[in-house]
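Since the structure comes first, as structure tokens, the remarks are kept for the end.
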Amino acid sequence: MSDRRTKVGNTANGFAYEEPLIFEHSTDGRDGFSLPELDVPPVDPTELLPEGAVREDLRDLPEVSEVDVVRHFTRLSTWNAAVDLGIYPLGSCTMKYNPKLNEKVASLPGFAAAHPLAPDELMQGFLQLCHGLEQQLAEVSGMDRVTLQPAAGAQGELAGIMMIRAYHEHRGEKRSQVLVPDSAHGTNPASAALNGYSVTSIPTGEDGLLHPEAVEAAMTEEVASLMITNPSTLGLFEEHIARICEIVHAKGGLVYGDGANLNALLGITRPGDLGIDVMHFNLHKTFSTPHGGGGPGAGPVGVKNILAPYLPTPVIRKLGGDEGEGYVLDYELPRSIGRLHGNNGNAGMLIRAYTYIRSLGPEGLKRCAEMAVLNANYLLARLREHYHVPFDRPVLHECVLSDKFLHETGVTTLDVAKRLIDYGYHPPTVYFPLVVAGAIMIEPTESESVESLDRFAEALIAIAEEAHEDPELVRTAPHHTRRTRLDETRAARHPVLRWQPERSA
Ligand SMILES: *Cc1c(COP(=O)(O)O)cnc(C)c1O
């Protein structure tokens with residue numbers, strides 16, 4: 001076995017003792033600041049502030065010093081899995097490295113300290129950046145116009161389907177259905193349903209692909225849109241995409257492209273050229289901005305010109321001719337679906353994504369896609385003897401395995417995922433896509449070196465061996481964490497979301 005192999009043990013090397021809740025650190029009368037003695041007459045805040053704006057009861061707030069606060073949160077941060085600590089192989093989520101240059105640019109005072117309600121004249125640099133990002137995303141995807149407002153991919157889908165609905169309604173058409181392949185992400189049917197559409201699931205073929213015949217059979221003039229993810233959540237390029245778009249268009253429908261997997265296509269092909277009418281981008285996936293705890297997401301949406309009248313307002317408009325120079329936020333779009341986000345969307349993410357695109361350039365973006373595809377195929381090749389491969393063909397940016405080879409041992413995908421934690425890895429996406437029983441879905445991204453991929457593959461191979469030799473070890477993992485196997489059903493059904501003083505008493 002390679003000596004590079006990660007030793008069993010948690011890499012999250014915080015202090016070994018239990019960290020209490022911040023409330024449990026509380027000591028009566030302790031605080032984190034000291035103010036000089038009052039040298040003005042005291043006032044009663046209830047006389048100055050409207051009713052309801054003054055809290056009467058501050059009983060349960062923790063009383064802690066600055067040191068208590070800093071140590072508490074710093075310790076918790078060391079318990080975290082993060083892309084700065086190692087591979088974060090979540091399939092479909094594109095957990096790529098977040099370049100530090102992005103952070104540097106986003107923290108320039110002109111951006112970081114700008115007031116979100118500043119008038120356009122004082123935001124010219126930021127508006128120019130946003131306009132530039134819109135153009136870059138349009139260029140990468142083959143779309144005509146882009147809005148940066150949506151706060152995540154899911155909200156981008158919602159916006160896209162709202163525009164499709166507005167388009168049909170404006171043409172006097174009442175369509176009632178949206179088609180979604182069975183390999184789709186759950187947000188797709190949710191976005192359609194939130195817009196009042198009924199969802200028709202389209203089965204994918206034996207080869208994992210969506211076939212024109214299946215779409216043709218379901219496509220009627222009741223269908224507003226087909227939502228398609230390409231490459232699909234199985235990591236497969238939808239080879240019939242052009243024909244499928246023709247079938248939908250022929251009956252007056254529009255094609256929504258779920259762009260979460262755009263990382264695989266950057267600089268190689270463009271959804272807009274394949275027939276997609278509207279799509280979202282996940283800046284926190286493809287364009288390297290942090291996910292979740294690292295900050296909010298952003299899900300810009302690109303549209304073809306036919307949908308441009310419905311874009312959310314305000315739109316950023318570049319002035320020209322008699323209007324003079326510069327950029328304005330334009331609210332005059334009579335058929336707009338309206339505003340989707342306060343101010344300018346999640347502005348910090350837009351700056352980071354712009355920086356990423358500008359620092360890589362067209363050639364760099366293309367190289368990202370090539371390396372992401374190479375990495376996924378490399379992992380697949382290393383793992384295929386040890387884990388079942390449901391759709392055995394070259395993949396794009398991610399690969400899907402299953403626990404079928406482990407059935408005789410009683411070890412399941414969940415057990416493998418839990419055991420990976422003992423090897424110091426965040427588990428991949430499991431049990432998704434739903435069309436694969438016991439799915440293990442891995443997206444290494446272009447960020448990982450071959451050494452890092454080897455270490456990760458060797459951990460998975462070692463676990464497959466353990467499953468045969470000592471299944472109980474795997475079935476009761478993790479063994480090296482502060483918490484072992486949780487009762488996940490109970491955690492989901494009866495979450496404890498409030499601090500209860502009596503609990504710690
Ligand atoms: C991540 C993802 C989404 C949703 O995007 P969020 O930014 O998480 O809201 C939709 N579809 C697919 C295929 C995804 O991977």
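So the values come out like this:
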| item | result |
| --- | --- |
| Flag if Ala260 is more than 13 Å from the ligand (Cβ to nearest atom), in contact with a strand residue (DSSP E or B) (Cβ under 9 Å, 6 or more places away or on another chain), touching a residue at least 24 places away in the same chain (Cβ under 8 Å) and in a helix (DSSP H, G or I) | no |
| Test: residue in the stretch 276-285 that is within 14 Å of the ligand (Cβ to nearest atom) and among the basic types (Lys, Arg) | yes |
| Subset tally (residues that are part of a helix (DSSP H, G or I), more than 16 Å from the ligand (Cβ to nearest atom) and either small (Gly, Ala, Ser) or farther than 24 Å from Leu274 by Cβ (or both)) for the stretch 119-147 | 14 |
| Test for Asp31: is it loosely packed, with under 14 Cβ neighbours inside 10 Å and away from the ligand (no atom under 16 Å from the Cβ) | yes |
| Matching residues in the stretch 148-187 - criterion: being surrounded by 24 or more Cβ atoms within 10 Å (Cβ to Cβ), within 15 Å of the ligand (Cβ to nearest atom) and not small (Gly, Ala, Ser) | Leu148, Gln149, Pro150, Glu157, Ile161, Val178, Val180, Pro181 |
| Pairs where the first residue, in the stretch 178-197, is in the same structural domain as Gly259 (by TED's automatic domain parsing) and among the small types (Gly, Ala, Ser) and the second is assigned to a helix (DSSP H, G or I) and away from the ligand (no atom under 11 Å from the Cβ), C-beta under 7 Å, 6+ apart | Ser191/Ile161; Ala192/Ile161 |
| Subset of the stretch 409-444 [β-branched (Val, Ile, Thr), assigned to a strand (DSSP E or B) and closer than 23 Å to Thr476 by Cβ] | Thr429, Val430, Ile440 |
| Odd one out for Thr481, checked against (1) assigned to a loop (DSSP other than H, G, I, E, B); (2) closer than 27 Å to Cys368 by Cα; (3) not charged (D, E, K, R) | (2) |
| Single unsatisfied condition, Tyr354 versus (1) surrounded by fewer than 17 Cβ atoms within 10 Å (Cβ to Cβ); (2) more than 15 Å from the ligand (Cβ to nearest atom) | (1) |
| Subset of the stretch 446-505 (residues that are loosely packed, with under 14 Cβ neighbours inside 10 Å and of a type in the set (Asp, Glu)) | Glu451, Glu465, Glu469, Asp470, Glu472, Asp487, Glu488, Glu502 |
| Unique residue being in a loop (DSSP other than H, G, I, E, B), away from the ligand (no atom under 12 Å from the Cβ), of a type in the set (D, E, K, R) and touching a residue at least 24 places away in the same chain (Cβ under 8 Å) when the list is Glu206, Glu239, Glu246, Glu216 | Glu239 |
| Test: residue in the stretch 345-362 that is in a loop (DSSP other than H, G, I, E, B), farther than 30 Å from Glu465 by Cβ and at pLDDT below 95 | yes |
| Selection from the stretch 224-233 of residues that are away from the ligand (no atom under 11 Å from the Cβ) and aliphatic (A, V, I, L, M) | Ala224, Leu226 |
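Matching residues to (1) more than 32 Å from the chain's Cα centre (by Cα); (2) on the phi > 0 side of the Ramachandran plot; (3) free of Cβ contacts under 8 Å to residues at least 12 places away in the same chain:
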residue	(1), (2), (3)
Leu35	yes, no, yes
Pro41	yes, no, yes
Leu49	yes, no, yes
Glu63	yes, no, no
Tyr88	no, no, no
Thr94	no, yes, no
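The values are calculated or read from the model by the stated rules, or taken from the named source; none is laboratory data. The model shown is predicted, which means the values in this text are computed figures rather than measured ones. Every residue, glycine as well, gets a Cβ built from its backbone with ideal geometry; the counts of neighbours run over all protein chains shown.
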